[in-house]
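Have a look at this one before I ask anything.
What follows draws every value from the coordinates through simple rules; no lab data is involved. Everything numeric here is computed off the predicted structure, so don't read it as measured data. Because the Cβ atoms are built from the backbone with ideal geometry, glycine has one as well, and the counts that use them run over all protein chains shown.
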Amino acid sequence: MKTREEVFGLLSWLLLAFAAETIGAIASIEARAFYGSLRQPAWAPPGWVFGPVWTTLYMLMGIASWLVWREREHGGRQTALALYVVQLAVNTLWSWLFFAWHLGAAAFADIILLLALLVATIALFRRVRPLAAALLLPYLCWVVFATALCGAVWRMNPVALG
């Protein structure tokens, strides 16, 4: 593969990841005030933590997907990347469900689905390029934490997240 094509590929996969982040951020414009108004468990991080964490995770996701994309001879590449795009869409939807539409149950169901899709994506990435799967492990850890946090906040705020 030519260097120019690889650079274009990397930029494209990063752009896709950061486009998902941006679409989620649009839903989160009022997130600081809304999140701050909710009852939260004692172990909830401050709101300012989420932006830097997600930016780092989206960068790792973009690099991981690019590494899989580069494996053109691998038969499982297309399926792995298709599942990656689906989980990215489910990830983006969560921000809309929780922050824009205040739908706690739907957001919790979405993040459970995201967790399942992410585990499957990591398994498929591992078959194609183990390093790509490893790059998604911090994302998996964060989504496990976010799942617990989403569930706790939803249960603590039944009116606001009805």
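Which whole-Hz ³J(HN,Hα) couplings does the range 126-140 yield from phi under the Karplus relation 6.51 cos²θ - 1.76 cosθ + 1.60, θ = phi - 60°, glycine and proline marked x?
4, 5, 8, 8, x, 4, 4, 5, 4, 5, 8, 5, x, 4, 4
Follow-up. Pick out which of 131, 16, 115 has the largest mean-square fluctuation in a Gaussian network model of the chain, springs linking Cα atoms closer than 10 Å.
Sorting by GNM fluctuation, first place goes to 131.
Right, another one. Given a Förster radius of 30 Å and the C-beta distance between residue 39 and residue 79 as r, what FRET efficiency does 1/(1 + (r/R0)^6) yield to the nearest 0.05?
About 0.10, to the nearest 0.05.
Quick one: what are the phi-derived ³J(HN,Hα) couplings along the range 85-102, Karplus 6.51/-1.76/1.60 with θ = phi - 60°, whole Hz, x for glycine and proline?
Working through the residues one at a time gives 5, 5, 5, 5, 5, 5, 4, 4, 4, 4, 4, 5, 4, 7, 7, 7, 9, 6 Hz.
Let me ask something else. Cut-off 10 angstrom, C-alpha nodes, Gaussian network model of the chain. Which of 130, 45, 138 fluctuates the most?
Of 130, 45, 138, the most mobile in the Gaussian network model is 45.
Sort 24-31, 62-69 by packing, meaning the average of other beta carbons within 10 Å per residue, with the highest value first.
Listed from highest to lowest mean packing, they are 62-69, 24-31.
Sorted from largest down, give the three principal axis spans of the alpha carbons of the range 24-74, whole angstrom values.
Extents along the principal axes, in whole Å: 51, 25, 15.
Roughly what would the spin-label model give for residue 100 and residue 147, points 7 Å off Cα along C-beta, in nm?
Once both label points are built, they end up 2.5 nm from each other.
Here's something else I'd like to know. If packing is taken as the average count of other Cβ atoms within 10 Å, what order do 80-86, 32-38 fall into, highest mean first?
80-86, 32-38
A further question follows. Give me log10 I(q)/I(0) at q = 0.17 Å⁻¹ for the range 3-156, Debye formula, one equal scatterer per alpha-carbon, no solvent.
-0.95
Report the calculated FRET efficiency for residue 112 and residue 11 (r = Cβ-Cβ distance, R0 = 35 Å), to the nearest 0.05.
0.60
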